[in-house]
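The next block holds one structure in the form of C-alpha coordinates; read it before the comments.
The values are calculated or read from the model by the stated rules, or taken from the named source; none is laboratory data. These numbers were taken from a predicted model, which means no experiment stands behind them. Cβ placement follows ideal geometry from the backbone for every residue including glycine, while neighbour counts extend to all protein chains displayed. Accessible surface areas use protein heavy atoms only, side chains included; no ligands, DNA or RNA. Shrake-Rupley method; radii C 1.70, N 1.55, O 1.52, S 1.80 Å.
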Amino acid sequence: MLDTSITAEQVEFFEQNGYLVVPDLLLGSELAEVQREMLALTEYGAAEVRDDPDYAYGTGHVSGDKVLKRVEYVIDKSDAMKALLGHPFVLRSVERLQGADFVPTWDSMVLKLPGEGIIVPWHRDAGVGCVGDTPIFNVDFYLDEADEDTCVWVIPGSNHWSQEQVDEFLAARKDADVTLADFRATGAVPALMMPGDVLFHNILVLHGSPANASSKLRRVVYYEFRSAHVEEALGPHTPDYIPLKQKVLLKCLDHRKTANHILPGEKPFVYSPHPPYDTVRLGSGEELPTYRYAHSDYWRA
Ligand code: NI
(Lines give C-alpha, C1' and ligand atoms only; values in the text may rest on other atoms or scores of the structure.)
Protein backbone atom coordinates (compact mmCIF):
# COMPACT_ATOMS: atom_id res chain seq x y z
CA MET A 1 0.00 0.00 0.00
CA LEU A 2 2.81 2.42 0.86
CA ASP A 3 4.18 2.12 -2.67
CA THR A 4 1.01 3.54 -4.17
CA SER A 5 -1.20 6.59 -3.89
CA ILE A 6 -4.91 7.32 -3.88
CA THR A 7 -6.77 5.87 -6.87
CA ALA A 8 -8.39 7.64 -9.82
CA GLU A 9 -11.79 7.01 -8.19
CA GLN A 10 -10.59 8.63 -4.97
CA VAL A 11 -9.22 11.61 -6.90
CA GLU A 12 -12.61 12.04 -8.55
CA PHE A 13 -14.46 11.76 -5.22
CA PHE A 14 -12.14 14.38 -3.71
CA GLU A 15 -12.59 16.77 -6.62
CA GLN A 16 -16.38 16.46 -6.50
CA ASN A 17 -16.92 16.52 -2.76
CA GLY A 18 -13.95 18.45 -1.42
CA TYR A 19 -12.93 15.74 1.02
CA LEU A 20 -11.72 12.14 1.06
CA VAL A 21 -11.25 9.59 3.85
CA VAL A 22 -8.32 7.17 3.51
CA PRO A 23 -8.42 4.56 6.28
CA ASP A 24 -5.44 2.95 8.03
CA LEU A 25 -2.63 5.08 6.59
CA LEU A 26 -0.65 5.28 9.81
CA LEU A 27 0.03 1.92 11.35
CA GLY A 28 1.94 0.25 14.16
CA SER A 29 5.09 1.94 15.33
CA GLU A 30 4.59 5.14 13.33
CA LEU A 31 1.10 5.74 14.72
CA ALA A 32 2.36 4.99 18.23
CA GLU A 33 5.32 7.36 17.90
CA VAL A 34 3.21 10.22 16.51
CA GLN A 35 0.59 9.69 19.23
CA ARG A 36 3.26 9.68 21.92
CA GLU A 37 5.00 12.87 20.80
CA MET A 38 1.72 14.73 20.25
CA LEU A 39 0.49 13.64 23.67
CA ALA A 40 3.55 15.36 25.14
CA LEU A 41 2.67 18.63 23.36
CA THR A 42 -0.97 18.26 24.41
CA GLU A 43 -0.04 17.77 28.05
CA TYR A 44 2.41 20.66 27.96
CA GLY A 45 -0.17 23.02 26.44
CA ALA A 46 -3.01 21.84 28.66
CA ALA A 47 -1.12 21.99 31.98
CA GLU A 48 -1.36 25.78 32.04
CA VAL A 49 -1.99 28.66 29.63
CA ARG A 50 1.40 28.95 27.95
CA ASP A 51 2.85 32.33 27.07
CA ASP A 52 3.77 31.03 23.62
CA PRO A 53 2.12 32.07 20.33
CA ASP A 54 2.21 28.45 19.10
CA TYR A 55 -0.30 27.35 21.75
CA ALA A 56 -3.86 28.61 21.16
CA TYR A 57 -6.71 28.51 23.65
CA GLY A 58 -10.47 28.92 23.37
CA THR A 59 -13.05 29.66 26.04
CA GLY A 60 -14.51 26.43 27.44
CA HIS A 61 -18.30 26.24 27.14
CA VAL A 62 -18.58 24.56 30.56
CA SER A 63 -16.06 26.32 32.79
CA GLY A 64 -15.43 29.56 30.91
CA ASP A 65 -11.72 28.87 31.37
CA LYS A 66 -9.07 28.98 28.68
CA VAL A 67 -8.84 25.53 27.11
CA LEU A 68 -6.13 24.33 24.71
CA LYS A 69 -7.47 24.02 21.16
CA ARG A 70 -4.49 24.17 18.78
CA VAL A 71 -0.69 23.82 18.60
CA GLU A 72 1.21 25.31 15.65
CA TYR A 73 4.45 24.26 13.93
CA VAL A 74 4.42 20.67 15.19
CA ILE A 75 7.14 19.65 12.70
CA ASP A 76 9.65 21.93 14.43
CA LYS A 77 8.65 20.46 17.79
CA SER A 78 8.80 16.74 17.02
CA ASP A 79 11.01 14.29 15.12
CA ALA A 80 8.07 11.96 14.56
CA MET A 81 6.26 14.79 12.79
CA LYS A 82 9.33 15.46 10.61
CA ALA A 83 9.30 11.83 9.50
CA LEU A 84 5.54 11.99 9.00
CA LEU A 85 5.91 14.80 6.45
CA GLY A 86 7.89 12.35 4.32
CA HIS A 87 5.10 9.75 4.24
CA PRO A 88 5.35 8.29 0.70
CA PHE A 89 1.70 7.38 0.17
CA VAL A 90 0.63 10.82 1.34
CA LEU A 91 3.18 12.68 -0.80
CA ARG A 92 2.39 10.64 -3.91
CA SER A 93 -1.27 11.45 -3.35
CA VAL A 94 -0.50 15.14 -2.85
CA GLU A 95 1.54 15.12 -6.07
CA ARG A 96 -1.32 13.44 -7.89
CA LEU A 97 -3.87 16.00 -6.70
CA GLN A 98 -1.72 19.12 -6.83
CA GLY A 99 1.21 18.53 -9.20
CA ALA A 100 4.94 18.00 -8.71
CA ASP A 101 5.69 21.53 -7.45
CA PHE A 102 3.75 21.15 -4.20
CA VAL A 103 5.19 22.67 -1.02
CA PRO A 104 4.24 22.09 2.62
CA THR A 105 2.72 25.19 4.24
CA TRP A 106 0.85 24.80 7.55
CA ASP A 107 1.56 22.07 10.14
CA SER A 108 -0.77 22.25 13.12
CA MET A 109 -2.47 20.05 15.67
CA VAL A 110 -6.14 20.79 16.36
CA LEU A 111 -7.67 19.10 19.35
CA LYS A 112 -10.67 18.61 21.54
CA LEU A 113 -9.73 18.07 25.16
CA PRO A 114 -11.82 15.68 27.27
CA GLY A 115 -14.72 17.34 29.04
CA GLU A 116 -14.49 20.62 27.18
CA GLY A 117 -13.87 20.39 23.47
CA ILE A 118 -13.72 23.83 21.88
CA ILE A 119 -16.20 24.59 19.09
CA VAL A 120 -14.91 25.19 15.58
CA PRO A 121 -17.65 27.25 13.87
CA TRP A 122 -18.50 26.60 10.22
CA HIS A 123 -15.78 27.97 7.97
CA ARG A 124 -13.69 27.66 4.85
CA ASP A 125 -9.97 27.53 5.74
CA ALA A 126 -9.28 30.40 3.31
CA GLY A 127 -10.97 32.35 0.58
CA VAL A 128 -10.77 31.74 -3.17
CA GLY A 129 -8.27 34.61 -3.54
CA CYS A 130 -5.25 32.34 -3.13
CA VAL A 131 -6.60 29.43 -5.20
CA GLY A 132 -5.21 29.05 -8.71
CA ASP A 133 -5.39 26.13 -11.11
CA THR A 134 -4.70 23.44 -8.49
CA PRO A 135 -6.63 22.61 -5.31
CA ILE A 136 -5.25 23.66 -1.93
CA PHE A 137 -5.95 21.11 0.75
CA ASN A 138 -5.05 19.76 4.17
CA VAL A 139 -4.02 16.22 4.93
CA ASP A 140 -5.54 15.51 8.35
CA PHE A 141 -3.91 12.71 10.35
CA TYR A 142 -6.24 11.34 13.03
CA LEU A 143 -4.44 10.32 16.21
CA ASP A 144 -7.63 9.45 18.09
CA GLU A 145 -11.05 8.16 17.17
CA ALA A 146 -13.48 10.84 16.04
CA ASP A 147 -17.12 9.88 16.62
CA GLU A 148 -20.23 12.06 16.36
CA ASP A 149 -19.33 13.83 19.61
CA THR A 150 -15.86 14.88 18.50
CA CYS A 151 -15.69 14.67 14.69
CA VAL A 152 -15.60 17.39 12.08
CA TRP A 153 -18.74 17.89 9.96
CA VAL A 154 -18.38 18.53 6.23
CA ILE A 155 -20.75 19.98 3.61
CA PRO A 156 -19.95 17.83 0.54
CA GLY A 157 -19.46 19.82 -2.66
CA SER A 158 -19.35 23.19 -0.90
CA ASN A 159 -15.83 23.60 -2.31
CA HIS A 160 -17.63 24.43 -5.57
CA TRP A 161 -20.07 26.96 -4.07
CA SER A 162 -19.99 30.62 -5.10
CA GLN A 163 -18.92 33.20 -2.55
CA GLU A 164 -22.58 34.32 -2.33
CA GLN A 165 -23.71 30.80 -1.42
CA VAL A 166 -20.99 30.53 1.20
CA ASP A 167 -21.80 33.95 2.67
CA GLU A 168 -25.49 33.06 2.85
CA PHE A 169 -24.77 29.74 4.60
CA LEU A 170 -22.40 31.34 7.09
CA ALA A 171 -24.78 34.22 7.84
CA ALA A 172 -27.49 31.70 8.68
CA ARG A 173 -25.51 28.97 10.41
CA LYS A 174 -22.11 30.12 11.70
CA ASP A 175 -23.34 31.54 14.99
CA ALA A 176 -26.52 29.46 15.18
CA ASP A 177 -24.95 25.99 15.10
CA VAL A 178 -23.37 25.25 18.46
CA THR A 179 -24.44 21.78 19.56
CA LEU A 180 -24.15 18.34 18.00
CA ALA A 181 -27.89 18.46 17.21
CA ASP A 182 -27.41 21.78 15.37
CA PHE A 183 -24.60 20.38 13.23
CA ARG A 184 -26.51 17.18 12.54
CA ALA A 185 -29.61 19.13 11.48
CA THR A 186 -27.75 20.84 8.64
CA GLY A 187 -27.47 17.57 6.73
CA ALA A 188 -23.67 17.77 6.87
CA VAL A 189 -21.63 14.56 6.76
CA PRO A 190 -19.82 13.51 9.96
CA ALA A 191 -16.21 12.53 9.22
CA LEU A 192 -16.06 9.45 11.45
CA MET A 193 -12.44 8.43 11.81
CA MET A 194 -10.25 5.94 13.62
CA PRO A 195 -6.66 6.44 14.82
CA GLY A 196 -4.37 6.24 11.79
CA ASP A 197 -7.07 7.27 9.31
CA VAL A 198 -6.40 10.30 7.13
CA LEU A 199 -8.84 12.90 5.82
CA PHE A 200 -7.96 15.04 2.82
CA HIS A 201 -9.97 18.27 2.88
CA ASN A 202 -10.04 21.08 0.35
CA ILE A 203 -9.62 24.45 2.07
CA LEU A 204 -12.79 25.63 0.28
CA VAL A 205 -15.07 22.92 1.69
CA LEU A 206 -17.28 24.17 4.54
CA HIS A 207 -16.54 22.35 7.77
CA GLY A 208 -16.77 22.75 11.53
CA SER A 209 -17.45 20.91 14.77
CA PRO A 210 -19.59 21.55 17.84
CA ALA A 211 -18.42 22.12 21.38
CA ASN A 212 -18.61 18.91 23.33
CA ALA A 213 -18.44 17.74 26.92
CA SER A 214 -17.60 14.11 26.21
CA SER A 215 -14.71 12.47 28.04
CA LYS A 216 -12.87 11.78 24.77
CA LEU A 217 -9.60 13.30 23.62
CA ARG A 218 -9.52 13.92 19.86
CA ARG A 219 -6.33 15.14 18.19
CA VAL A 220 -5.81 15.76 14.48
CA VAL A 221 -2.63 16.95 12.79
CA TYR A 222 -3.17 19.13 9.72
CA TYR A 223 -0.49 19.29 7.03
CA GLU A 224 -1.43 21.79 4.33
CA PHE A 225 0.05 21.80 0.83
CA ARG A 226 0.03 24.39 -1.98
CA SER A 227 1.49 24.46 -5.48
CA ALA A 228 4.61 26.61 -5.72
CA HIS A 229 3.45 28.31 -8.91
CA VAL A 230 0.14 29.26 -7.33
CA GLU A 231 1.79 30.45 -4.13
CA GLU A 232 4.24 32.55 -6.15
CA ALA A 233 1.41 34.14 -8.16
CA LEU A 234 -1.21 34.62 -5.45
CA GLY A 235 0.40 34.26 -2.02
CA PRO A 236 -0.35 34.63 0.83
CA HIS A 237 3.35 34.08 1.53
CA THR A 238 6.12 35.97 -0.24
CA PRO A 239 8.02 33.94 -2.89
CA ASP A 240 11.10 33.51 -0.65
CA TYR A 241 8.97 31.25 1.56
CA ILE A 242 8.82 28.59 -1.18
CA PRO A 243 12.47 27.37 -1.28
CA LEU A 244 12.66 27.45 2.54
CA LYS A 245 9.73 25.07 2.79
CA GLN A 246 11.04 22.91 -0.04
CA LYS A 247 14.20 22.45 1.99
CA VAL A 248 12.14 21.51 5.05
CA LEU A 249 10.44 18.87 2.91
CA LEU A 250 13.77 17.48 1.64
CA LYS A 251 15.17 17.32 5.16
CA CYS A 252 12.04 15.61 6.45
CA LEU A 253 12.38 12.99 3.69
CA ASP A 254 15.87 12.37 5.08
CA HIS A 255 14.51 12.10 8.62
CA ARG A 256 12.09 9.44 7.46
CA LYS A 257 14.87 7.35 5.91
CA THR A 258 16.72 7.13 9.23
CA ALA A 259 13.79 7.06 11.69
CA ASN A 260 13.79 3.92 13.83
CA HIS A 261 10.01 3.72 13.94
CA ILE A 262 9.61 3.53 10.13
CA LEU A 263 9.51 0.03 8.70
CA PRO A 264 12.61 -0.85 6.67
CA GLY A 265 11.94 -1.46 3.02
CA GLU A 266 9.56 1.44 2.56
CA LYS A 267 10.02 2.99 -0.89
CA PRO A 268 10.81 6.65 -0.24
CA PHE A 269 9.04 9.47 -2.03
CA VAL A 270 11.27 11.32 -4.49
CA TYR A 271 10.50 15.03 -4.67
CA SER A 272 10.84 16.19 -8.28
CA PRO A 273 9.24 19.58 -8.83
CA HIS A 274 9.35 20.99 -12.35
CA PRO A 275 11.37 24.11 -13.32
CA PRO A 276 11.76 26.77 -12.08
CA TYR A 277 11.04 25.14 -8.71
CA ASP A 278 13.69 22.41 -9.05
CA THR A 279 16.76 24.27 -7.77
CA VAL A 280 16.67 23.59 -4.02
CA ARG A 281 19.25 21.08 -2.79
CA LEU A 282 20.14 19.75 0.62
CA GLY A 283 23.88 19.52 1.26
CA SER A 284 25.25 16.24 2.55
CA GLY A 285 24.70 16.25 6.31
CA GLU A 286 23.20 19.75 6.15
CA GLU A 287 21.22 20.71 9.24
CA LEU A 288 18.44 23.29 9.01
CA PRO A 289 18.50 26.34 11.29
CA THR A 290 14.78 25.82 11.93
CA TYR A 291 11.70 23.99 10.70
CA ARG A 292 9.50 26.85 11.90
CA TYR A 293 9.03 29.53 9.27
CA ALA A 294 6.35 31.67 10.89
CA HIS A 295 3.61 32.59 8.45
CA SER A 296 3.47 36.12 9.80
CA ASP A 297 7.13 36.69 8.82
CA TYR A 298 6.27 35.94 5.19
CA TRP A 299 2.92 37.65 4.60
CA ARG A 300 2.82 39.88 1.54
CA ALA A 301 2.62 43.58 2.21
NI1 NI B 1 -10.60 24.32 9.05
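Among (1) within 25 Å of ASP147 (Cβ to Cβ); (2) more than 16 Å from the ligand (Cβ to nearest atom); (3) part of a strand (DSSP E or B), there is one condition PRO114 misses while meeting the rest; what is its number?
In the conditions (1) within 25 Å of ASP147 (Cβ to Cβ); (2) more than 16 Å from the ligand (Cβ to nearest atom); (3) part of a strand (DSSP E or B), PRO114 misses (3) alone.
Return a yes/no flag: does the stretch 261-282 have any residue that is within 30 Å of GLY45 (Cα to Cα), outside any loop (DSSP other than H, G, I, E, B) and in contact (Cβ under 8 Å) with a residue 40 or more places away in the chain. Even if it seems obvious, please write down each step before you answer.
Applying the first criterion (within 30 Å of GLY45 (Cα to Cα)) to the stretch 261-282 yields 261-262.
Checking which are outside any loop (DSSP other than H, G, I, E, B) leaves us with none.
Looking through the stretch 261-282, none of the residues is within 30 Å of GLY45 (Cα to Cα), outside any loop (DSSP other than H, G, I, E, B) and in contact (Cβ under 8 Å) with a residue 40 or more places away in the chain.
May I ask you to list the residues in the stretch 245-301 that are over 16 Å from ASP101 (Cα atoms) and in contact with a Phe, Trp or Tyr (Cβ under 7 Å, 6 or more places away or on another chain)?
Taking the stretch 245-301 first, the residues over 16 Å from ASP101 (Cα atoms) are 251-252, 254-268, 282-301.
Result: ARG292, TYR293, TYR298.
Give the residue, chosen from ASP144, ASP140, that is within 14 Å of the ligand (Cβ to nearest atom) and either free of Cβ contacts under 8 Å to residues at least 12 places away in the same chain or under 18 Å from the mean Cα position of the chain (by Cα) (or both). Working first, answer last.
Values: ASP144 fails: within 14 Å of the ligand (Cβ to nearest atom).
Going through ASP144, ASP140 in turn, just one is within 14 Å of the ligand (Cβ to nearest atom) and either free of Cβ contacts under 8 Å to residues at least 12 places away in the same chain or under 18 Å from the mean Cα position of the chain (by Cα) (or both): ASP140.
Is it the case that THR134 is polar (S, T, N, Q), modelled with pLDDT of 95 or more and closer than 15 Å to LEU250 by Cα? Break it down into steps so the answer makes sense when it comes.
On the way: polar (S, T, N, Q): yes; modelled with pLDDT of 95 or more: yes; closer than 15 Å to LEU250 by Cα: no.
Judged against the criteria, THR134 is not a match.
Hey, among PRO104, PRO135, which residue is within 22 Å of PRO236 (Cβ to Cβ), crowded, with 19+ Cβ neighbours inside 10 Å and within 16 Å of the ligand (Cβ to nearest atom)?
Details: PRO104 fails: within 16 Å of the ligand (Cβ to nearest atom).
PRO135 is the lone residue from the list that is within 22 Å of PRO236 (Cβ to Cβ), crowded, with 19+ Cβ neighbours inside 10 Å and within 16 Å of the ligand (Cβ to nearest atom).
Sort out for me the strands (runs of 3 or more DSSP E) sitting completely within the stretch 145-232 that have 1 or more residues that are open to solvent by less than 20 Å² (accessible area, probe 1.4 Å) and in contact with a Lys or Arg (Cβ under 7 Å, 6 or more places away or on another chain).
Numbers: elements: 198-202, 207-209, 218-227.
In the stretch 145-232, the matching strands (runs of 3 or more DSSP E) lie at 218-227.
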